[in-house]
Amino acid sequence: MADHILVLYGSYRSDRAGIRLAHYTTRNLCARGFEAELIDAKAIGLPMLDRMYKEYPSGQAPAAMETLAGKIRQADGFVFVTGEYNWGMQPGLKNLTDHFLEEWFWRPAGIVSYSAGRIGGARASLMWHGTLSEMGMVVISSTVTVGTITRTLSTEGQPIGEGGKALETSFVRFADDLAWWTEAARLQRERKQPPY
């Protein structure tokens with residue numbers, strides 16, 4: 001049975017270049033044998049965080065939040081596709097993530113970042129690493145950074161130019177790393193209950 005990976009993306013902008021990378025990531029994980037599903041924060045439309053999922057009485061959370069909580073609990077791992085906004089995190093993705101906590105525990109997470117400039121979202125990636133660790137995920141050491149995203153992926157999410165070649169090379173190691181940690185975490189959860 002294939003490991004189930006949620007690919008989470010959080011831009012709310014009208015011209016979302018990063019959706020190219022989210023589709024690329026989802027498609028390429030599927031091609032490598034994962035069961036990958038794209039979770040688009042804008043499409044889900046959770047409100048700005050007022051109450052976390054766990055703060056609602058059982059059965060009273062908004063339907064979209066309830067559905068997403070179930071998907072997170074059932075996932076074997078996560079990939080966060082994040083842009084960099086003013087050297088920081090993408091607020092839409094952070095808002096979606098913060099609605100949940102225990103649902104994320106004991107699974108690996110990978111970070112794929114991008115920007116319009118040459119840095120490739122590396123500063124946002126660094127911030128996400130600490131945040132995801134605090135939220136109970138094991139963050140894999142391999143990352144993917146995509147600079148000048150519109151010259152790296154076509155509007156259909158296909159690699160183009162030198163940036164596209166570099167992306168395809170880095171994605172192989174990233175996916176191998178994610179697969180190793182996803183299998184390790186799944187086998188450990190089957191062998192022994194998490195301590196909390």
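Taken together, the values in this text are just the output of simple stated rules run on the coordinates, not laboratory data. As the structure is a computational prediction, the values presented were derived from the model and not from experiment. With ideal geometry, Cβ positions are generated from the backbone for all residues, glycine too; neighbour counts draw on all protein chains shown.
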Give the residues of the range 12-47 whose amide nitrogen is closer than 16 Å to a point set 7 Å from the Cα of ALA2 in the direction of its Cβ.
23-39
Sort TYR114, TYR85 so that the residue with the fewest other Cβ atoms within 10 Å of its own Cβ comes first and the one with the most comes last.
TYR85, TYR114
Could you work out how much longer the chain between ARG32 and LEU187 gets when fully extended? Use 0.36 nm per residue separation minus the Cα distance between them, nm to one decimal.
53.9 nm
Percent RCO, i.e. relative contact order, over the range 40-140, from Cα pairs under 8 Å lying at least 6 residues apart:
29
Which whole-number percent gives the relative contact order of the chain, counting Cα pairs below 8 Å spaced six or more residues apart?
22
Sorted by Cβ neighbour density within 10 Å, fewest at the top, the residues VAL7, VAL172:
VAL172, VAL7
Loop-located trypsin sites (Lys or Arg not before Pro) in the range 140-196 whose Cβ has at most 16 other Cβ within 10 Å (DSSP):
LYS192
Under the helix-only model (-39500 (n - 2.57) for each DSSP H run of 4 or more, divided by the residues of the chain), the mean residue ellipticity at 222 nm, to 500 deg cm²/dmol, is -13500 deg cm²/dmol
Stokes-Einstein D for the range 1-113 (4 °C, 1.567 mPa s, Kirkwood Rh from Cα pairs), in µm²/s, comes to 89
When VAL139, VAL146 are ranked with the fewest other C-beta atoms within 10 Å first, the list becomes VAL139, VAL146
Options [x] 1.07; [y] 1.01; [z] 0.96 for Rg/Rh (Cα atoms, Kirkwood Rh); the value derived from the coordinates is listed as [z]
Tell me which DSSP H helices of the chain clear both cut-offs, 30 Å or more of axial length from alpha-carbon atoms and a mean Kyte-Doolittle hydropathy of at least -0.5.
none
